[in-house]
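Shown next, in structure tokens, is the structure this report addresses.
The values are calculated or read from the model by the stated rules, or taken from the named source; none is laboratory data. Fair warning: this is a prediction, and the values are worked out from it, not measured in the lab. For neighbour counting, all protein chains shown are included, and Cβ atoms are generated from backbone atoms with ideal geometry for every residue, glycine included. We work out accessible area using only protein heavy atoms, side chains counted, and drop any ligands, DNA or RNA first. Shrake-Rupley method; radii C 1.70, N 1.55, O 1.52, S 1.80 Å.
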Amino acid sequence: MGGKAAGEEAYGKPVKYDPSFRGPIKNRSCTDVICCVLFLLFILGYIAVGIVAWVYGDPRQVLYPRNSTGAYCGVGANKEKPYLLYFNIFSCVLTANIITVAQRGLQCPTPQVCVSSCPTDSWTVSRRELSLTVGEVFYAAHRNFCLPGVPGDMPVLQSLQQELCPSFLLPSTRALGRCFPWTNSTVPTLPGIPSNTSVTQGISGLLDDLNARDISVKIFEDFAQSWYWILVALGVALVLSLLFVLLLRLVAGPLVLVLVLGVLGVLAYGIYHCWEEYRALRDRGASITTLGFTTDLSAYRSVQETWLVALIVLAVLEAVLLLMVIFLRQRIRIAIALLEEASRAVGQMMSTMFYPLVTFVLLLICIAYWAMIALYLATSGQPQYVLWAPNVSLAGCETVPMNASCDPLAQPVNSSCPGLMCVFQGYLSTGLVQRSLFNLQIYGVLGLFWTVNWVLALGQCVLAGAFASFYWAFSKPRDIPTFPLSAAFVRTLRYHTGSLAFGALILSLVQIARVLLEYIDHKLRGAQNPVARCIMCCFKCCLWCLEKFIKFLNRNAYIMIAIYGKNFCVSARNAFMLLMRNIVRVAVLDKVTELLLFFGKLLVVGGVGVLSFFFFTGRIPGLGKDFENPHLNYYWLPIMTSILGAYVIASGFFSVFGMCVDTLFLCFLEDLERHDGSLDRPYYMSKNLLKILGKKNDAPPGNKRHKGGTQP
């Protein structure tokens, strides 16, 4: 007895009986006001950052390609010319690799021009054409690929020397607003292009290898042909998820029994298989002493010691699980009863199942706002243009100040330096916004994490308030409030915005620390020795565990906030102490719930996936003409879309059910501590839970103290 009292004192005293307590407190005040003010000020700053990014940013720099003069293709004067053509795309890889080119926005040290269509035929300037004019060789043959303003009477040789017109054309594919040559194109034999151009061809035809245009068209056609059947599959996923949650009150017990027996059976088969392999290898004398040390891990499958170790491990797991089922059977029954009660609560408040749609919309707004800010900030610099020539070692180029700033609208004409022109180099980093660009991006990342975690916290607290009002209704469903979800939503926003922001900020800081650690590990991976990698792995593991613990603590703190209306720290402490006083029940309920929800997701996603596969592949005969499967280019596309959508829907439904189970569990633990089943202190739990615990209520039907209700 003394040990138990000491243990209870170590984790706080049990909750005392309060005759005025009737579920979620209605008369409450604002909590964590300082954090609420900081959060609102942060949101105002977040809006200000968005305004600054919108004023100074220009997303066209990312959405549209630029020609050599810096003008956008497909915009303004080039509206009818949406594609960018590279005069010599081989120069992109002669000076840099593909990653460098991509980081520079696919800018290459070669003239670029906006065109209305990409070349369809291969062409190379001939010796005879060098003496002709640009009008005769290019304009008359509808090769409108020269830079704007090139006169038609200019000799072709002069236009090529100044790189005003391309010396060759290759059949190209349109991708990302640019003309990329085909990989099977014949490489022209011209100065500056080596004969071995396999790497160049691979890069120039990168998007053609993927057949990007054809694939995109086929994907669009498949979605156009199957979108309504995908919606049908998502509707099936919604119905299956809802039915699984509602039927848990009837099948939770048998389902848990089947799952437990299934795990025990799998382990038993594993033990049998390991024994058979061990005995066969033992009879052949295959031992690790004859094998020795090897880096080929598959070789260890042929020695008896490997199977002996596996046999011992599986036998220990089988014994531990069997002992847990035997000695924790009472707590498993309580967990099953709570799952059934949660299913009953969801059935009484069906609106809670669709609250994830609100969370999804709010998350979409947060992510979209951050993405727009990041895009506008990344394009907030002014374009910079410099002088450039294809070969600065030629005679006449020594006196030209290369890389000096220039005006792209006034292209330099200098016959002494062949090919001299003003090209786009990058974006200036001068100015207040550009100097603060890194800090503004960090502010945006913090805003993303903080707002996303706050939205998730809002959903958890609102659902907890609704389900708590169900548990603490003595006569169900008569004593349940009329609009419990709406009341919990208004109550949470009005009084506990600061508390939610406090918990979300703590979690956000840990998540940002994990992101920074992953970034550092990625940058230093090549230079790390084994000791450094081990230390980095330990740090990442610790932060992962810390994040999981904070999520668990925040979740239960929000339940306490929804019920009692206290600040975050007090609620987190009370929730933690309550759980620690019932740690075994917590562990059993958590694992049983996790197992059931995993099985539910597997059932919904697997069922929709199998049904989609048989339908879209035409393996369901006799459906009739109206239900005939569409003819698709890629039948796996609607199947994968249906599976992904089913997983999202099932996760949304089961997250509500999981929150319901956690809320009812905390209420159940407090119910045990507050009440004793007497006339003045009756239990609020269901008859099934009372029966499992061997308790009963002495409160007779019609007890006026509980508004004339009967024990649920």
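Cβ contacts < 6 Å: first residue closer than 30 Å to Asp283 by Cβ, restricted to region 304-331; second residue of a type in the set (Asp, Glu) and in a helix (DSSP H, G or I), any location; separation 6+ or different chain. Result?
Trp307/Glu277
Considering every residue within region 92-99, establish whether at least one is crowded, with 18+ Cβ neighbours inside 10 Å, assigned to a loop (DSSP other than H, G, I, E, B) and modelled with pLDDT of 50 or more.
First pass over region 92-99, keeping only residues crowded, with 18+ Cβ neighbours inside 10 Å: 92-93.
Narrowing further to those that are assigned to a loop (DSSP other than H, G, I, E, B): none.
Within region 92-99 (the criterion being crowded, with 18+ Cβ neighbours inside 10 Å, assigned to a loop (DSSP other than H, G, I, E, B) and modelled with pLDDT of 50 or more), the answer is no, since none of the residues qualifies.
For Val605, state whether it is touching a residue at least 24 places away in the same chain (Cβ under 8 Å), surrounded by fewer than 19 Cβ atoms within 10 Å (Cβ to Cβ), aliphatic (A, V, I, L, M) and part of a helix (DSSP H, G or I). Show your work before the answer.
Values: touching a residue at least 24 places away in the same chain (Cβ under 8 Å): yes; surrounded by fewer than 19 Cβ atoms within 10 Å (Cβ to Cβ): no; aliphatic (A, V, I, L, M): yes; part of a helix (DSSP H, G or I): yes.
It is false that Val605 is touching a residue at least 24 places away in the same chain (Cβ under 8 Å), surrounded by fewer than 19 Cβ atoms within 10 Å (Cβ to Cβ), aliphatic (A, V, I, L, M) and part of a helix (DSSP H, G or I).
With modelled with pLDDT under 80 and either surrounded by 15 or more Cβ atoms within 10 Å (Cβ to Cβ) or β-branched (Val, Ile, Thr) (or both) as the only criterion, which of Leu595, Leu524 stands out?
Working: Leu524 fails: either surrounded by 15 or more Cβ atoms within 10 Å (Cβ to Cβ) or β-branched (Val, Ile, Thr) (or both).
Among Leu595, Leu524, only Leu595 is modelled with pLDDT under 80 and either surrounded by 15 or more Cβ atoms within 10 Å (Cβ to Cβ) or β-branched (Val, Ile, Thr) (or both).
Among the residues of region 475-501 satisfying the criterion of being in a helix (DSSP H, G or I) and open to solvent by 60 Å² or more (accessible area, probe 1.4 Å), which is farthest from Phe568 (Cα to Cα)?
Narrowing region 475-501 to residues in a helix (DSSP H, G or I): 484-495, 497-501.
Subset that is open to solvent by 60 Å² or more (accessible area, probe 1.4 Å): 486, 489-490, 493-494.
Numbers: Ser486: 22, Phe489: 17, Val490: 18, Leu493: 14, Arg494: 15 Å.
Once the filter is applied, the top-ranked residue is Ser486.
In this structure, does Phe145 turn out to be under 24 Å from Cys114 (Cα atoms), among the aromatic types (Phe, Trp, Tyr) and at pLDDT 65 or above? Walk me through how you get there before you give the answer.
Details: under 24 Å from Cys114 (Cα atoms): yes; among the aromatic types (Phe, Trp, Tyr): yes; at pLDDT 65 or above: yes.
It is true that Phe145 is under 24 Å from Cys114 (Cα atoms), among the aromatic types (Phe, Trp, Tyr) and at pLDDT 65 or above.
Go through Val33, Val15 for me and flag whichever is over 29 Å from the mean Cα position of the chain (by Cα), under 30 Å from Pro481 (Cβ atoms) and modelled with pLDDT of 85 or more. Walk me through how you get there before you give the answer.
Values: Val15 fails: modelled with pLDDT of 85 or more.
Of the residues listed, the single one that is over 29 Å from the mean Cα position of the chain (by Cα), under 30 Å from Pro481 (Cβ atoms) and modelled with pLDDT of 85 or more is Val33.
Can you pull out the residues in region 49-63 that are at pLDDT 80 or above, open to solvent by 90 Å² or more (accessible area, probe 1.4 Å) and in contact with a Phe, Trp or Tyr (Cβ under 8 Å, 6 or more places away or on another chain)?
Trp54
Can you run down the residue pairs with Cβ atoms below 7 Å, 6 or more apart or on separate chains, where the first is in region 350-361 and closer than 13 Å to Leu456 by Cβ and the partner is of a type in the set (S, T, N, Q)?
Pro356/Ser655
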